[in-house]
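Chemist: Take a look at this one; I'll ask things after.
The values are calculated or read from the model by the stated rules, or taken from the named source; none is laboratory data. Since we're looking at a predicted model, the values are computed, not measured. Because the Cβ atoms are built from the backbone with ideal geometry, glycine has one as well, and the counts that use them run over all protein chains shown. With ligands, DNA and RNA removed, areas are computed over all heavy atoms of the protein, side chains included. Shrake-Rupley method; radii C 1.70, N 1.55, O 1.52, S 1.80 Å.
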There are 6 protein chains.
Amino acid sequence: MSTLGLIEYQDASTEVRAVYDDIMATRKSDWINNFWKAIAHDPALLKRTWQSVKEIMAPGALDPLTKELIYVAVSVTNSCHYCIASHTASAVKKGMTPAMFMELQAVVGMANETNKLVTGYQVEIDPQFGLPFAPRT
Amino acid sequence: MSTLGLIEYQDASTEVRAVYDDIMATRKSDWINNFWKAIAHDPALLKRTWQSVKEIMAPGALDPLTKELIYVAVSVTNSCHYCIASHTASAVKKGMTPAMFMELQAVVGMANETNKLVTGYQVEIDPQFGLPFAPRT
Amino acid sequence: MSTLGLIEYQDASTEVRAVYDDIMATRKSDWINNFWKAIAHDPALLKRTWQSVKEIMAPGALDPLTKELIYVAVSVTNSCHYCIASHTASAVKKGMTPAMFMELQAVVGMANETNKLVTGYQVEIDPQFGLPFAPRT
Amino acid sequence: MSTLGLIEYQDASTEVRAVYDDIMATRKSDWINNFWKAIAHDPALLKRTWQSVKEIMAPGALDPLTKELIYVAVSVTNSCHYCIASHTASAVKKGMTPAMFMELQAVVGMANETNKLVTGYQVEIDPQFGLPFAPRT
Amino acid sequence: MSTLGLIEYQDASTEVRAVYDDIMATRKSDWINNFWKAIAHDPALLKRTWQSVKEIMAPGALDPLTKELIYVAVSVTNSCHYCIASHTASAVKKGMTPAMFMELQAVVGMANETNKLVTGYQVEIDPQFGLPFAPRT
Amino acid sequence: MSTLGLIEYQDASTEVRAVYDDIMATRKSDWINNFWKAIAHDPALLKRTWQSVKEIMAPGALDPLTKELIYVAVSVTNSCHYCIASHTASAVKKGMTPAMFMELQAVVGMANETNKLVTGYQVEIDPQFGLPFAPRT
């Protein structure tokens, strides 16, 4: 019931199918979730978004599970229910245990609380925080 | 210039000093940042908040650096400038390299973008996402 | 299932009916959507809100379609599902094509991403941006 | 004073300079604003973000000024001060008059208000809103 | 340094001065804060906003101080620094003590934390909550 | 259908039951709402959160109803549907009348509007607002 409807594999153009194929191959999965089928009406957006997600979520200085945990943290803070469902599932697939899930939520909750205490008390930034990488790089 | 002013160590009650001492001991640091000095007007809040932060940020199923990265991700999503400054500094202290910082920001940016694409296209949750831990626990 | 229930036309006071009539006349529509029926319990709020919406969304320096696009952009950023549904429908009624819808969502997604990159990297405002209308007025 | 510092043109790698050159050529401008200089530490992010912005903000079904207005609306809703300053300046450059600026802000303010009234009154989506493009496509 | 500049009393039109006079008379104050001077470029917005604020913040089923506390709570949650400063000052003028300020912030912090725990754990609404006024009205 | 499922009283550990019992005793209620049953998988979080909520929401410088109104205001601003439903119900239990509900929503709506007008017009904080308690403490 997405605004423009969902484009299923069998109804997709060659260009869109190529992205769908790459998504399934990269994720070692045999289905495409609704997000991609919803934005496939805009093939440029589909390609650009998938390309960016693929690059950004690949192993690097941070491992893929840590990246998924960060994705969930943002999605919870934004109250994006779809994203919470999809990235919680992805995180589980990449190794998140129930214990890790619970610690993640505790940090997210705490961060949201202290973010607002800082703001409500109008606390000024300590000069000591400035340029944290400076002595190291 | 916080709303109620900052309570410095030398002006603090015994109760508040005990929290300050524990913060510095836990962090192996010799100073207290403004956040704690601002909320110290409410000793119950100070104690409860520090106790929660201490417990939640301790090593567990997730390591302390991962928890700091999550804290930064939430703070950026909430546009809490103080919290970004303080938790970026903490993350550096716990081992975040510039490369990790950059990957963190890329994930946060991407997550904020796709959160809104999902929402704007009114995408429905795939039934496949439900109860992600079910087959495992 | 709104908190106070919905006030239908036949059950409405004369004061509320007058607003409902003006909404339908202005919109060339024969029905009232739930938002107005929900807030009609507070006739002062109903009148004030409708009066403001009517004035603000009227043609001016910006045309009504552009205003609806802006309304949708805000609603997506706020994750207000009702508002996304209602203002997407209004925008279609005022001439938004699927192509315009897709470009709108792409801009909203991009803006949400760069908003957070700027914030996470703690970028300072360039002095060149200050008082953008200054040379013109 | 951005977290990693700003990379000036003279200190930039060939890869980064190529993006800076394209930004200035596309915008018919002779300077680079801080956002790009801050994220240039991550050349992949710099290139991908600039490429996306360039594509998305180009004339299409929506004209460039309308896109800037949408960008400002998102930035205000997110309280991104840097983005408000930079995109307000861009919008002025693309033709936004003070009258258009004022109507934009009025719509953004109104949308933020009604978004919350809908949410606070727990209003359910009218079935009439579903699939707004259905009769057309 | 507001986008369009500030309109001072001596430079204001009769229409704008009438609003300024009513603000000062209502608030028993001899100055106008920057918010009103910034939006005075749009006299319709100035008048409508002041009229709404005046009506909404007047004593009613809730007293003016409670309303200010609610205003501060929203402003903190939205990270609106200007609004936090102005409405904290207004609340103090209407009787908020430091003890009340501290309890307000504690509630705001807690609510922001539990809002996110609920969201992150994907908790469904209990049927018992539906239509809370039903048995009473 | 919460991520980890709900822990019912009969399936709960002694530790969790003790919290459930205290919730019901404190609230003079004979049931536990889903939020607590969802987070009970993390007994430390359950205990800490309940303890904090109990302390913070107790009568103090602000009465319990005022605190609930503030809780609702935050929850609406965050678009937390569960929290709006649960705290609206709590507020009714503590004495919120429909008239109070409507005034609360009007203030929340207005605050969200002016928060964004201030931000969009880039209004600077008046020096007069600084340290509002200064002359009093």
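Chemist: Does segment E:45-59 include one or more residues that are in a helix (DSSP H, G or I) and either in contact (Cβ under 8 Å) with a residue 60 or more places away in the chain or touching a His at 6+ places or on another chain (Cβ under 7 Å) (or both)?
Modeler: Looking for residues that are in a helix (DSSP H, G or I) and either in contact (Cβ under 8 Å) with a residue 60 or more places away in the chain or touching a His at 6+ places or on another chain (Cβ under 7 Å) (or both), one finds none in segment E:45-59, hence no.
Chemist: Follow-up question, since we're still on this one. Which residues, counting only those in segment B:7-44, are in a helix (DSSP H, G or I), closer than 29 Å to F:ASP42 by Cβ and either basic (Lys, Arg) or without any contact (Cβ under 8 Å) to a residue 24 or more places away in the chain (or both)?
Modeler: Once the filter is applied, which keeps residues that are in a helix (DSSP H, G or I), closer than 29 Å to F:ASP42 by Cβ and either basic (Lys, Arg) or without any contact (Cβ under 8 Å) to a residue 24 or more places away in the chain (or both), segment B:7-44 yields B:ALA18, B:TYR20, B:ASP21, B:MET24, B:ALA25, B:ARG27, B:TRP36, B:ILE39, B:ALA44.
Chemist: Would you be able to tell me the number of residues in segment C:24-38 that are among the aliphatic types (A, V, I, L, M) and closer than 16 Å to C:GLU55 by Cα? Spell out how you get there, then give the answer.
Modeler: Step one: of segment C:24-38, the residues among the aliphatic types (A, V, I, L, M) are C:24-25, C:32, C:38.
Within this subset, residues satisfying the condition of being closer than 16 Å to C:GLU55 by Cα are C:24-25.
Looking only at that region, the number is 2.
Chemist: Test B:TYR71 against the stated conditions and say whether it is within 19 Å of A:GLN105 (Cα to Cα) and modelled with pLDDT of 95 or more.
Modeler: So B:TYR71 passes the test.
Chemist: Go through segment A:86-137 and give me each residue that's hydroxyl-bearing (Ser, Thr, Tyr) and either modelled with pLDDT under 95 or not in a helix (DSSP H, G or I) (or both).
Modeler: A:THR97, A:TYR121, A:THR137
Chemist: Among the numbered criteria (1) among the small types (Gly, Ala, Ser); (2) over 26 Å from A:PHE101 (Cα atoms); (3) crowded, with 17+ Cβ neighbours inside 10 Å, which single criterion is violated by F:SER52?
Modeler: Failed condition: (2).
Chemist: Taking the condition of being in contact (Cβ under 8 Å) with a residue 24 or more places away in the chain and open to solvent by 10 Å² or more (accessible area, probe 1.4 Å), how many residues in segment F:87-137 meet it?
Modeler: 3
Chemist: Within segment A:31-43, track down each residue that is more than 8 Å from chain B (Cβ to nearest Cβ) and over 25 Å from B:GLU103 (Cβ atoms).
Modeler: Answer for segment A:31-43, where residues must be more than 8 Å from chain B (Cβ to nearest Cβ) and over 25 Å from B:GLU103 (Cβ atoms): A:ILE32, A:LYS37, A:ALA40, A:HIS41, A:ASP42, A:PRO43.
Chemist: Of the numbered conditions (1) within 18 Å of the chain's Cα centre (by Cα); (2) open to solvent by less than 40 Å² (accessible area, probe 1.4 Å); (3) free of Cβ contacts under 8 Å to residues at least 40 places away in the same chain, E:HIS81 fails exactly one; give the number of that condition.
Modeler: E:HIS81 satisfies all of (1) within 18 Å of the chain's Cα centre (by Cα); (2) open to solvent by less than 40 Å² (accessible area, probe 1.4 Å); (3) free of Cβ contacts under 8 Å to residues at least 40 places away in the same chain except (2).
Chemist: Right, here's the next one. Could you identify the single residue in E:MET100, E:MET96, E:MET24, E:MET110 that is closer than 22 Å to F:VAL123 by Cβ and out of contact with any strand residue (DSSP E or B) (no Cβ under 8 Å at 6 or more places or on another chain)?
Modeler: Details: E:MET100 fails: closer than 22 Å to F:VAL123 by Cβ; E:MET96 fails: closer than 22 Å to F:VAL123 by Cβ; E:MET110 fails: closer than 22 Å to F:VAL123 by Cβ.
So the residue among E:MET100, E:MET96, E:MET24, E:MET110 that is closer than 22 Å to F:VAL123 by Cβ and out of contact with any strand residue (DSSP E or B) (no Cβ under 8 Å at 6 or more places or on another chain) is E:MET24.
Chemist: With the structure loaded, tell me whether C:VAL16 is open to solvent by less than 10 Å² (accessible area, probe 1.4 Å), more than 21 Å from F:GLU113 (Cα to Cα) and touching a helix residue (DSSP H, G or I) at 6+ places or on another chain (Cβ under 6 Å) or whether it fails that test.
Modeler: Values: open to solvent by less than 10 Å² (accessible area, probe 1.4 Å): yes; more than 21 Å from F:GLU113 (Cα to Cα): yes; touching a helix residue (DSSP H, G or I) at 6+ places or on another chain (Cβ under 6 Å): yes.
The answer is yes for C:VAL16.
Chemist: Here's another thing I want to ask about it. Among the residues of segment F:27-41, count how many are within 19 Å of A:VAL107 (Cβ to Cβ) and open to solvent by 30 Å² or more (accessible area, probe 1.4 Å).
Modeler: Taking segment F:27-41 as the starting set, the residues that turn out to be within 19 Å of A:VAL107 (Cβ to Cβ) are F:35, F:38-41.
Keeping just the survivors that are open to solvent by 30 Å² or more (accessible area, probe 1.4 Å) gives F:41.
Selection size over segment F:27-41: 1.
Chemist: When you go through (1) touching a Leu at 6+ places or on another chain (Cβ under 8 Å); (2) open to solvent by less than 10 Å² (accessible area, probe 1.4 Å); (3) under 23 Å from E:ALA106 (Cα atoms); (4) in a helix (DSSP H, G or I) one by one for F:THR66, which number turns out not to apply?
Modeler: Exception for F:THR66: condition (2).
Chemist: Same structure, new question: Take segment C:48-104 and flag every residue that is small (Gly, Ala, Ser) and within 7 Å of chain D (Cβ to nearest Cβ).
Modeler: Step one: of segment C:48-104, the residues small (Gly, Ala, Ser) are C:52, C:58, C:60-61, C:73, C:75, C:79, C:85-86, C:89-91, C:95, C:99.
Correct list: C:SER52, C:GLY60, C:ALA61, C:ALA73, C:SER75, C:ALA85, C:SER86, C:ALA89, C:ALA99.
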